[in-house]
Structure formats: C-alpha cells, structure tokens
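Trainee: There's a structure below that I have some questions on.
Read-outs: derived from the displayed coordinates by stated rules, not from any lab. Bear in mind the structure is a predicted one, so any value in this text is a computation, not a measurement. Note that each Cβ is placed from the backbone with ideal geometry, even for glycine, and that neighbours are counted across all protein chains shown.
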Amino acid sequence: MYLMILGAPGSGKGTQGKLLAEFLRVPEVSTGELLRAAVKQGTALGKEAKKYMDRGELVPDDVVLGLIKEILDSKAAAGGVMMDGFPRTVAQAQAVDKLLALKQARVDRVVLLDVSEEELVKRLLARAAKEGRSDDNLESIKTRLKVYHSQTAPLISYYERQGVVRRVQGMGSVDEIQRRARAAVTA
Ligand code: B4P
C-alpha cells in the first residue's frame, strides 16, 4: 500500500504517520526528517536545503525528488510506503505518480489531517519551546502556513480527482486521531 499523510505544518503528520505506518507494516519516510538529517550531517544537499527550510520555504523539487526516488526504488519500499510531508507540490505529485506507475502501483490513500490554524500555531510554538527546531519561530511558521495554502493544498483536489482522499479530524488526543486515521485507511 502506498499512502501519504497530508496536512499543514503542525497538523500531526509525523506523529500520526509513524503510528499508521506501524499499523500497516510499511516503512515510513519523512522528507522533512531526511532533509534535517542532511543538514545535521552538513552534506552539500543539506547546506542547500537549510537556506529554504529556515525561511519556511519549500526545498526545490529536484532536490526532494532525488531523495524520494532513491527510497521508492529501494527493496524496503517494494511492498509500499507511508510518505510523510511528501509530495508537497503538484509537480512532486506528478513525479511520484510516474515513479509508481513504473512499478504498476499508485497512491492508494491520502490521509488529510484537518486542524484549525490557531491549533497549528499553538503546537509549533510549543515544540519550539521544547525542541528548538530552527524553523519553529513565528515568522517561519507564518511562511510555512502560506506556502502550505498556495503550493500544497492544491494537492487535495489533485488526489480527490483520483478518489483517494480520506479526511480525518486532526484535533483531540493522539490516540483518538489515530483511531480515526486507521478507520479511514481501512474503510
Ligand atoms: P516537515 O518536517 O514536513 O515539517 P512541517 O510540515 O512543518 O510539519 P511537522 O512535521 O513539523 O509537523 P507535524 O505535522 O508532524 O518539513 C520541514 C521543512 O522541510 C519544510 O518547511 C520544507 O522546507 C522542507 N520540506 C520537507 N518536505 C519537503 C518536500 N516534499 N518538498 C519541499 N520541501 C520539503 O506536527 C507535529 C507537532 O504537533 C509536534 O510538535 C507534535 O508533538 C504536535 N502534535 C501532534 N499531534 C498532536 C495532538 N493531537 N495534540 C497536540 N499536539 C500534537
């Protein structure tokens, strides 16, 4: 099963994506985590990505597509994968459709986490206080939300046309939301 978890920054993609991947027994891949690891290692890709990430902008499609192609072509992903934070632009979605078509596969489900803007900002500022992630500051959060609406939200209608979107109410406890997400992907 090839799934993706879609939602605004702070909607709980990472939290719910990991649990859902465990439940479905597929590996989870987060482009945000891959990029943060590259930044930490100080690779050329990481140095390039950091400039965009700190501002709250999207890293260019070709950089992200290189990372994801490697994963989708790996043995571990042969039976499916849970994609967290990817795709994020229509160009990325079209590219992943092409890569999966080569394997006679497609995106089977898109879990869309619905969370109010007020709650998103609250969660990210709470994480800033705890973890100090360099893009969890008010200015970058505002940019990330703007970028989500302009570049990522169009994916909702892209995948609705494929009939694979399952909307999940993303407010409440982690367990409650996970129950809804499991019901949504198995229905
Ligand atoms: P990501 O790492 O994907 O970050 P994000 O969208 O900002 O969301 P995040 O993962 O942090 O939050 P989540 O919803 O899990 O990307 C970071 C940057 O990398 C991007 O801005 C971009 O520059 C770049 N990037 C990544 N992928 C890219 C791509 N495909 N193309 C181009 N650029 C890309 O929310 C988690 C927070 O909410 C946590 O603090 C958690 O504890 C809390 N939370 C979760 N569930 C909760 C609940 N029920 N109640 C209360 N809090 C909850």
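Trainee: Among the numbered criteria (1) among the hydrophobic types (A, V, I, L, M, F, W, C); (2) within 12 Å of the ligand (Cβ to nearest atom); (3) more than 25 Å from VAL59 (Cβ to Cβ), which one does ALA183 miss?
Mentor: Result: ALA183 fails condition (2) only.
Trainee: Pull up region 41-64, narrow it to residues that are among the small types (Gly, Ala, Ser) and out of contact with any helix residue (DSSP H, G or I) (no Cβ under 6 Å at 6 or more places or on another chain), then point me to the one that is nearest to ALA128 (Cα to Cα). Steps first, answer last, please.
Mentor: Residues of region 41-64 among the small types (Gly, Ala, Ser): 42, 44, 46, 49, 56.
Those left that are additionally out of contact with any helix residue (DSSP H, G or I) (no Cβ under 6 Å at 6 or more places or on another chain): 42, 44.
Details: GLY42: 22, ALA44: 26 Å.
Of everything passing the filter in region 41-64, GLY42 is nearest to ALA128 (Cα to Cα).
Trainee: In region 14-27, how many are surrounded by fewer than 23 Cβ atoms within 10 Å (Cβ to Cβ) and within 21 Å of ARG144 (Cβ to Cβ)?
Mentor: So the answer is 3.
Rundown of residues vs (1) assigned to a loop (DSSP other than H, G, I, E, B); (2) within 8 Å of the ligand (Cβ to nearest atom); (3) over 22 Å from TYR148 (Cα atoms), yes/no style:
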position	(1), (2), (3)
ALA76	no, no, yes
ARG88	yes, yes, no
ALA93	no, no, no
LYS98	no, no, yes
LYS103	yes, no, yes
VAL111	no, no, no
VAL121	no, no, no
ALA126	no, yes, no
ASP135	yes, yes, no
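Trainee: Is it true that some residue in region 155-165 is touching an Asp or Glu at 6+ places or on another chain (Cβ under 7 Å), part of a loop (DSSP other than H, G, I, E, B) and either on the phi > 0 side of the Ramachandran plot or not hydroxyl-bearing (Ser, Thr, Tyr) (or both)?
Mentor: Within region 155-165 (the criterion being touching an Asp or Glu at 6+ places or on another chain (Cβ under 7 Å), part of a loop (DSSP other than H, G, I, E, B) and either on the phi > 0 side of the Ramachandran plot or not hydroxyl-bearing (Ser, Thr, Tyr) (or both)), the answer is yes, since at least one residue qualifies.
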